[in-house]
Structures are given as structure tokens and as C-alpha cells.
Amino acid sequence: MITIADRLKLAYARIAQATKKHSRPEQSVALLAVSKTKPQNLIVEAYQAGQRAFGESYVQEAVEKIKALAEYDIQWHFIGPLQSNKSALVAEHFDWVQSVERTKIVTRLANQRPEGLAPLNVLIQVNISEESAKSGCPLEQVDELAQHISQYPNLRLRGLMAIPEKTPDKAILDAQFARLNACFINLKSQYPELDTLSMGMSSDVEAAIGQGSTMVRIGTDIFGPREQPKEK
Ligand SMILES: *Cc1c(COP(=O)(O)O)cnc(C)c1O
């Protein structure tokens, strides 16, 4: 039977292959293992295979896992839609938030990050698809949001994240990823310390790496199809 360790190995091989194909430096693309809806024992299995960064989308479920796995040296990334009433839990328990899309949430995260913890690493989620219903900050508002984030010493702006439109059309995917990369390069000219461009999931790792991704977020290919989430 294929194990989580095998699947992780395959995911890393896929990343290495795409990195090479696009003449990107080795090790320039990190892997976030997306464990939302998956039980703790599978996270431990991936951890024992060497994986350290995990992504979660549902706050309550995630906090339970984070508390239960406190003895492990795991870097936790929040990647789901973030409502105001759950921002405190995220500020208290996570190392990264990849889904920041408005100033109100930024202010809350900064005020709620407990003293004594390292700065919370923040990515701005950008809406790169033409679908208005998609979450993410509009491209035109990225600068303003970045400015807001960078005034707080306990938040550390690291870069951008996006989820493209669901489409089998490679040209559309490429165009959307390229749009995010252009935005990232532009933002980096103002904030040279930025180092993270989070794009690419199980279905579009190659396209994302081709357009400059430095972090792919893979769930299904590592942990298998997801269960229904218990919370929204
Ligand atoms: C669930 C999720 C993923 C993982 O998607 P897969 O298709 O299972 O690899 C990546 N990014 C975000 C923001 C997600 O919510």
C-alpha cells in the first residue's frame, strides 16, 4: 500500500522536476502539506517522513490539532477564509497566515498576537481570477494593504498567495499566475525582504512553478481526497 511517506516523496520529486524544467534553482520551491479535514495521525506520519510545514483552513479543527501536536516542531500555516470572530485564535496559534485580504483583519491580528511570540508571518491573498466572487484582495489594493501590515512590528509581511480560477485551460492558469508574480516583483521593489510567493496546488504545481512560485500547497496528492469539513 502506498504510504504518506511515499506520496510526500512523489510530491517532492514532482516539485524538483518542475523546478528543473523551468531552470529555477534547486530547493527554491517549498512544500506546504495541506492537512485540513485530515486526522492527527496522518500529520504525524508526514512529520515522521520529514515534513514540517502544514496548512489548515478551518480554525477550530486546526486549533485542536495544534494543541494536540504541541510537542512536534511543526510550522502551522492558516490558509482558509478568515472571519473577524476567529482572528484571535489564529493570532494565538499559527506561525503564518496566508489568507489576509483586508485591513480590518490585519489590525485585529496585530492586536491579538500574544506578546512573547515571534512575529506572525503574513501573506496577502490576492484575487487573480476575473471571477468577482473569489476571495482575495483586488490587485489595486495590494500596496495599501502591504503598507498597513508593515507598520506592525509583530506582523512580518513575507509575500503573496493566490488561488487561481478552476480551469483546465493552461493559458488561463499561466496568465493568472503570471499576474501574481508581476505583482510580487513590484511589491518586492518596495519591500526587498519579501521571499514567499505561495501558488500552486495538487492540480497546477507545474504551471505555478513555471511562473515563479516559491511555495506550493499540496493536500489531495499527499493525504488523499478530503472529508467534508465540520465547520465553515
Ligand atoms: C485545500 C487547499 C489547498 C490544497 O488543495 P489540493 O488541491 O488538495 O492540493 C491549497 N490551498 C488552499 C488555499 C486550500 O484551501
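Taking max minus min of the alpha-carbon positions on each principal axis, the stretch 100-223 gives extents of 45, 34, 28 Å, largest first. Per-residue ellipticity at 222 nm from helix content only, as computed over the chain with -39500 (n - 2.57) for each DSSP H run of at least four residues, stands at -12000 deg cm²/dmol.
Within the stretch 47-85, name every residue whose backbone N is under 19 Å away from a label modeled 7 Å from Cα of ALA16 along the Cβ vector. Flagged as within label range: 47-53.
In Å³ and rounded to a whole number, note down the convex hull volume per residue for the Cα atoms of the stretch 4-56. Could you put the intermediate results ahead of the total?
Numbers: hull volume 3.9 nm³, N = 53.
Dividing the Cα hull volume of the stretch 4-56 by its residues yields 73 Å³.
Solvent-free Debye calculation, one equal scatterer per alpha-carbon of the stretch 39-104: log10 I(q)/I(0) at 0.15, 0.25, 0.26, 0.27 Å⁻¹ equals -0.45, -1.10, -1.18, -1.26. Rounded to the nearest 20, the size of the Cβ-charge dipole of the chain about its Cα centre is 160 debye, with Lys and Arg at +1 and Asp and Glu at -1. Near the amide H of VAL34, within less than 5 Å, lie the amide hydrogens of GLY55, ILE218, GLY219, all on another chain or at least 5 residues away, with H placed in the peptide plane.
Rounded to the nearest 20, the Cβ-based charge dipole of the stretch 24-157 about its Cα centre (Lys and Arg +1, Asp and Glu -1) stands at 180 debye. Take the Cα radius of gyration of the stretch 106-165 and divide it by 2.2 N^0.38 Å, N being the number of residues; the result is 1.23.
Percent of Cα pairs in the stretch 170-232 per distance bin of 10 Å, from zero to the largest separation: 21, 40, 27, 12, 0. Normalised radius of gyration (Cα atoms, divided by 2.2 N^0.38 Å) for the chain: 0.97. Applying both filters, DSSP loop and at most 16 other Cβ atoms within 10 Å, to the chymotrypsin sites (Phe, Trp or Tyr not before Pro) of the stretch 1-73 gives TYR72. Which residue, chosen from PHE177, GLY116, ALA162, occupies the Cα position most advanced towards the positive end of the dipole of the stretch 93-232, where the dipole is computed from +1 (Lys, Arg) and -1 (Asp, Glu) charges on Cβ about the Cα centre? Of the listed residues, the answer is GLY116.
A short reminder: the numbers here are calculations on the coordinates, not readings from a lab. Note that the structure is predicted; figures quoted are calculated from it, not measured. Cβ coordinates were reconstructed from backbone atoms using ideal geometry, including for glycine residues, and neighbour counts include every protein chain displayed.
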